[in-house]
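To keep things clear, I will list the structure first and then write my remarks on it.
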Amino acid sequence: MTRTVTPLTDGDLPPLAGLLAANGLPTGDLTMPGRRFWRVEDEDGLLGYGGLEVHGPDGLLRSVVVPPDRRGSGAGRAVTAAVSEEARGLGVERLWLLTTTAADVFERLGFQRTDRASAPPGIAASAQFAGLCPGSAVCMRRDLIASKEPAPV
Ligand SMILES: CC(C)(COP(=O)(O)OP(=O)(O)OC[C@H]1O[C@@H](n2cnc3c(N)ncnc32)[C@H](O)[C@@H]1OP(=O)(O)O)[C@@H](O)C(=O)NCCC(=O)NCCS
């Protein structure tokens, strides 16, 4: 199966913002500096979107969202793998995320639950950690050095 991973420009953001908003995810900081977003597609169209903020060797995985009609068949895994590969290419060694609803999914994708207070300063100061995500959100991390992305199926 062929997958394409396309970086988004500011002009590409409205469809992502719409999908994020429909799923209760933050949109208020999408155009702030330091954010990168990608669209992942296969032959059948959109698999989903994912985003990244780089803070030295640490990266914030964010805005991972799959259209409802593509969920449950590996799209979320494909989007997460694509952003993880982009992160590796940018020198990121650890990925962090906050989620209120998808901790079980990200555990399947190699992330471990961790204490929010263990996040390094750059991640802790990100808009998501500092205010956009509720304090009850689960904090998770994944070591990118010790792991590899599975080949697409
Ligand atoms: C979270 C989301 C991206 C997952 O996308 P998806 O396409 O359904 O995920 P996948 O099909 O790739 O599943 C990934 C893994 O999670 C597992 N999984 C999927 N849904 C699950 C659930 N509700 N509970 C537990 N595990 C689940 C799958 O079995 C799979 O593991 P496996 O490959 O070992 O079997 C999607 O549900 C979504 O867009 N949700 C709304 C936005 C959101 O909450 N994003 C996270 C913000 S950080």
Of the convex hull enclosing the alpha-carbon atoms of the chain, the direction-averaged projected area in nm² is 8.4
At R0 = 22 Å, FRET efficiency that the Cβ-Cβ distance of Ala124 and Lys148 yields, to 0.05: 0.20
Before anything else, pin down the relative contact order of region 1-112: Cα pairs under 8 Å, at least 6 apart, normalised by residue count, whole percent. 22
Based on Cβ point charges of +1 for Lys and Arg and -1 for Asp and Glu, what charge dipole magnitude is obtained for the chain about its Cα centre, in debye rounded to the nearest 20? 320
Run the simple label-point estimate for Ala117 and Glu41 please: 7 Å along Cα→C-beta, distance reported in nm. 4.7
Rough spin-label spacing in nm, given labels placed 7 Å along Cα→Cβ, for Glu93 and Ala21: 4.0
Give the calculated FRET efficiency between Val105 and Thr9 to the nearest 0.05, with a Förster radius of 35 Å applied to their Cβ-Cβ distance. 0.80
Please report the accessible area of Arg3 (heavy atoms, 1.4 Å probe, ligands and nucleic acids excluded) in Å², nearest 10. 80
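The values are calculated or read from the model by the stated rules, or taken from the named source; none is laboratory data. Note that the structure is a prediction, hence the values are computed from the model and not measured. Cβ coordinates were reconstructed from backbone atoms using ideal geometry, including for glycine residues, and neighbour counts include every protein chain displayed. Ligands, DNA and RNA are stripped out before the accessible areas are found, and what is left, the full protein with its side chains, is counted by its heavy atoms. Shrake-Rupley method; radii C 1.70, N 1.55, O 1.52, S 1.80 Å.
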